[in-house]
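Here's the structure we're looking at; comments come further down.
The values are calculated or read from the model by the stated rules, or taken from the named source; none is laboratory data. Because the structure is a prediction, the values reported are computed rather than measured. Virtual Cβ from ideal backbone geometry, glycine too; neighbours counted across all protein chains shown.
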Amino acid sequence: MPALSAASEQASVVGVSSGGYMAAQLAVAWPERFSGLGVLAAGPWSCAQGSLSLALNQCMMTRRGMPSLDELEARRQRYLGLEQVGSSEALSQLRAYLWHGEEDEVVEPKLGDLLAEQWQQWLASPDQLRVARSEKAGHGWPIQLPSEAAPGPHEWGDCRQGGGAFCCPAMRILPEKCWIGSIPNEQPRALVSKRQGKVVNWSRLISQSLR
């Protein structure tokens, strides 16, 4: 951070899907290094507990039942005693933005509800937590379209995919407006919108909203 001349007190960690799980891991491990957290389309911190089977069957689908927040908190307390995560005081000072699409078929939306409940327990004030849901969105990013655009925001997030370079069917209406996935040598695995010759990094905008 110093090498980039970046203000660490204004840094937020943001991730989508598996990156959302990783963002939470970073925030819990080093809360003193961040001011905010953004998790999109993911479940509670430490959900998989180091198990691939749990990752697939309890942290994406819930065939093995819902994760136990009590078990996950006991895990955090154990790590706290070993100094493998940051202090509860530093964790309580973060601001968090959590988003999930209600029609997500990759990571079940109820896992996002559990994530929100987990952070409600950790944060010092309810004002530090913002939880957003999009009724007709699948597994994707929440974005705000220009007011003159015809399709609604839910159509841009209704991809039901897990990343990579592709264009959702709904996006073919205005293919010059938006891409989900990667743009070679420019914005890897980011959602960007190209409009009037400008590229907007939506992940950066979400991060800015946490400051």
Report the residue count in the stretch 60-97 for those that are of a type in the set (Gly, Ala, Ser) and part of a helix (DSSP H, G or I). 5
Checking Ala23 against (1) touching an Asp or Glu at 6+ places or on another chain (Cβ under 7 Å); (2) crowded, with 16+ Cβ neighbours inside 10 Å; (3) within 26 Å of Gly138 (Cα to Cα); (4) not acidic (Asp, Glu), the condition it does not meet: (1)
Given the condition over 20 Å from Ala27 (Cα atoms) and within 20 Å of the chain's Cα centre (by Cα), answer yes or no: does some residue in the stretch 81-101 qualify? yes
List pairs: first in the stretch 119-132 and outside any strand (DSSP E or B), second hydroxyl-bearing (Ser, Thr, Tyr), Cβ under 9 Å, 6+ apart or cross-chain? Trp122/Ser88; Trp122/Ser92; Leu123/Ser92; Ala124/Ser92; Ser125/Ser92; Gln128/Ser92
Restricting to the stretch 65-85, and then to whatever is touching a Ser or Thr at 6+ places or on another chain (Cβ under 9 Å) and under 13 Å from Gly43 (Cβ atoms), can you tell me which residue is surrounded by the fewest Cβ atoms within 10 Å (Cβ to Cβ)? Leu72
Name the residue, out of Ser51, Ser92, Ser88, Ser35, that is surrounded by fewer than 22 Cβ atoms within 10 Å (Cβ to Cβ), more than 19 Å from Leu129 (Cβ to Cβ) and not β-branched (Val, Ile, Thr). Ser51
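Yes/no per residue for (1) in contact (Cβ under 8 Å) with a residue 24 or more places away in the chain; (2) over 20 Å from Gly38 (Cα atoms); (3) of a type in the set (Phe, Trp, Tyr); (4) in contact with a helix residue (DSSP H, G or I) (Cβ under 7 Å, 6 or more places away or on another chain):
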{"site": "Leu52", "(1), (2), (3), (4)": "no, yes, no, no"}
{"site": "Asn57", "(1), (2), (3), (4)": "no, yes, no, no"}
{"site": "Gly65", "(1), (2), (3), (4)": "no, yes, no, no"}
{"site": "Glu71", "(1), (2), (3), (4)": "no, yes, no, no"}
{"site": "Gln77", "(1), (2), (3), (4)": "no, yes, no, no"}
{"site": "Leu82", "(1), (2), (3), (4)": "no, yes, no, no"}
{"site": "Leu94", "(1), (2), (3), (4)": "yes, no, no, yes"}
{"site": "His100", "(1), (2), (3), (4)": "yes, no, no, yes"}
{"site": "Val106", "(1), (2), (3), (4)": "yes, no, no, no"}
Reported set for the stretch 103-155 where residues are among the aromatic types (Phe, Trp, Tyr) and either at pLDDT below 90 or farther than 16 Å from Ala41 by Cα (or both) is Trp122, Trp141
Identify all residues within the stretch 16-40 that are at pLDDT 95 or above and either basic (Lys, Arg) or part of a loop (DSSP other than H, G, I, E, B) (or both); write none if there are none. Trp30
